[in-house]
Amino acid sequence: MIEVRLFATLRKDRGKVMQLPASEFSDGVSILEHFAIPREEVAIFLINGFHSKPEDPVKDGDILAIFPPVGGG
């Protein structure tokens with residue numbers, strides 16, 4: 001299984017933490033497509049706590065954390 005953790009506005013209508021079967025996903029792009037998250041809505045993409053790119057491969061046991069751009073002042 002791949003654990004996907006969504007943060008802030010990405011959680012809306014999607015959930016907070018989800019488990020996905022690793023056999024159905026080869027990289028972060030396929031996971032973003034699964035959740036219908038456009039690339040421009042992703043500011044930080046972590047695989048097992050390390051900054052990564054959505055094009056990077058994912059495997060069974062990985063934990064992904066996906067953050068949108070954050071504004072504020």
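Just a few scattered comments:
- In region 9-23, the count of residues that are on the phi > 0 side of the Ramachandran plot and surrounded by 11 or more Cβ atoms within 10 Å (Cβ to Cβ) is one or more.
- Per this entry, Ile44 is not counted among residues that are in contact with a Leu (Cβ under 7 Å, 6 or more places away or on another chain) and not acidic (Asp, Glu).
- A count restricted to region 48-64 and to residues that are within 9 Å of the chain's Cα centre (by Cα), surrounded by 17 or more Cβ atoms within 10 Å (Cβ to Cβ) and under 18 Å from Lys16 (Cβ atoms) stands at 1.
- Residue within region 48-62 that is touching a residue at least 60 places away in the same chain (Cβ under 8 Å) and closer than 18 Å to Met1 by Cβ present: yes
Every number here is computed from the coordinates shown, using simple stated rules; none is lab data. These numbers come from a predicted model, not from an experiment. Counting neighbours? That spans all protein chains shown, and the Cβs are built from the backbone with ideal geometry, glycine included.
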